[in-house]
Amino acid sequence: MNRLAILTSGGDAPGMNAVIRAVVKAAEHHQLSVFGVQNGYEGLINGDFYELIYEKVENIASKGGTILKTSRSAAFMTEEGRQQAVHQLREQKINAVIVVGGEGSFKGAQKLQQLGVPVAAIPGTIDNDLAYTEYSIGFDTTLNTVLDCVRKIKDSGCSHNKTTIVEVMGRYCGDLALHSVLAGEGEIISIPEYKLSFDDICRQLKKKVQDGKSDNLILVTERMYDLQELQRYIEENMQISTRTTVLGFVQRGGEPSAFDRVLAAKMGVEAVRLLINHQSGVAIGIQNNRIMHVSLAELDEKTADKSANESLLHVLLS
Ligand code: F6P
């Protein structure tokens, strides 16, 4: 193997640039050439590649977003699109691909592997929704952003004795909201894994108010509720002033945290090492503070065990 490509795909995540930097460094160390693919799988189909040299990427680890750009490619979901991507890789004599992204991007990586292209996948998503790894790159930075925003929102909530609903991202995974509460921000939480009804929320709120807490923050994961309806329900049933803030894309931007940068470096170097050793069709992760990998083919069957969190929340929010 002497020519490698790297692409970033799906929603951007802080730390993707740090992966690119690490991969280029590791590749140069092993005398491999690296090609950056523009716009994720779209660029693979269009043959949009350019050579990356370390001198050009050595200062990108602290930048948010991805210098390669990213997309959610509908064309790559078709057999024709994938065949075209493989054709482009063969034309450019590229022997292996590193994919940085989330669940959908990993499915694409598995398809590429099935078509005979050696692939290593690195988890880069703010959602932390890949069950085989304890952390994905971007999650820690986003969590810190959420905590920062929530603290600011609380200043106002506290001054006005108001209840605030804060919606965070995460797609169908509650980790951003959950870890915010574990980190000490938020009085009530509703996430896809433990969804509360409007009445459950009001019941918990009532108890907080009875206990003398009047500036409660309700953290919810996106896509779960009509937030206007929830706000109205609380105001009508509890007679308390309530406001809603959707944090939105502020959560995806910004300088990656040290944790994400270090994780990106470790995973980037490991991806290159595995491919050189002819271990492909793998997803790289971290478990018990050790970098590990699993087969991409096994991923579909695994769901995260969150039972330990349930008892933690029970204690912390009581
Ligand atoms: O997967 C990352 C993420 O930010 C999710 O949290 C969110 O649901 C989704 O992407 C938003 O996607 P888009 O950028 O396509 O609006």
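The values are calculated or read from the model by the stated rules, or taken from the named source; none is laboratory data. What you are looking at is a predicted structure, and each value in this text was computed from that prediction instead of being measured. Note that we place each Cβ from the backbone using ideal geometry, even for glycine, and neighbour counts take in every protein chain shown. Calculation scope for accessible area: heavy atoms of the full protein, side chains included, ligands and nucleic acids excluded. Shrake-Rupley method; radii C 1.70, N 1.55, O 1.52, S 1.80 Å.
A few points about this structure:
- Members of the stretch 156-173 that are open to solvent by 40 Å² or more (accessible area, probe 1.4 Å) and within 11 Å of the ligand (Cβ to nearest atom): 171, 172
- The lone exception for residue 151 - which of (1) without any contact (Cβ under 8 Å) to a residue 40 or more places away in the chain; (2) within 10 Å of the ligand (Cβ to nearest atom) it fails: (2)
- Residue list for the stretch 97-130, restricted to those being open to solvent by less than 40 Å² (accessible area, probe 1.4 Å) and in a loop (DSSP other than H, G, I, E, B): 102, 117, 125, 126, 127, 128, 130
- Any chance residue 65 is open to solvent by less than 60 Å² (accessible area, probe 1.4 Å) and away from the ligand (no atom under 16 Å from the Cβ): no
- Evaluation of residue 58 against the conditions (1) touching a helix residue (DSSP H, G or I) at 6+ places or on another chain (Cβ under 6 Å); (2) within 22 Å of residue 262 (Cβ to Cβ) shows that the sole unmet condition is (1).
- The lone exception for residue 93 - which of (1) more than 16 Å from the ligand (Cβ to nearest atom); (2) in contact (Cβ under 8 Å) with a residue 24 or more places away in the chain; (3) part of a helix (DSSP H, G or I); (4) open to solvent by 50 Å² or more (accessible area, probe 1.4 Å) it fails: (3)
- Residues of the stretch 1-34 satisfying the condition of being of a type in the set (Ser, Thr, Tyr) and either crowded, with 24+ Cβ neighbours inside 10 Å or closer than 16 Å to residue 61 by Cα (or both): 8, 9
- Members of the stretch 160-174 found to be over 16 Å from the mean Cα position of the chain (by Cα) and basic (Lys, Arg), listed by number: 162
- The single condition among (1) within 11 Å of the ligand (Cβ to nearest atom); (2) in a strand (DSSP E or B) that residue 176 does not meet is (2).
- Tabulated pairs, the stretch 185-208, first in a helix (DSSP H, G or I), second among the small types (Gly, Ala, Ser), C-beta under 8 angstrom, 6+ apart or interchain: 200/190; 201/190
- Residue within the stretch 262-273 that is over 21 Å from the mean Cα position of the chain (by Cα) and either free of Cβ contacts under 8 Å to residues at least 24 places away in the same chain or more than 16 Å from the ligand (Cβ to nearest atom) (or both) present: yes
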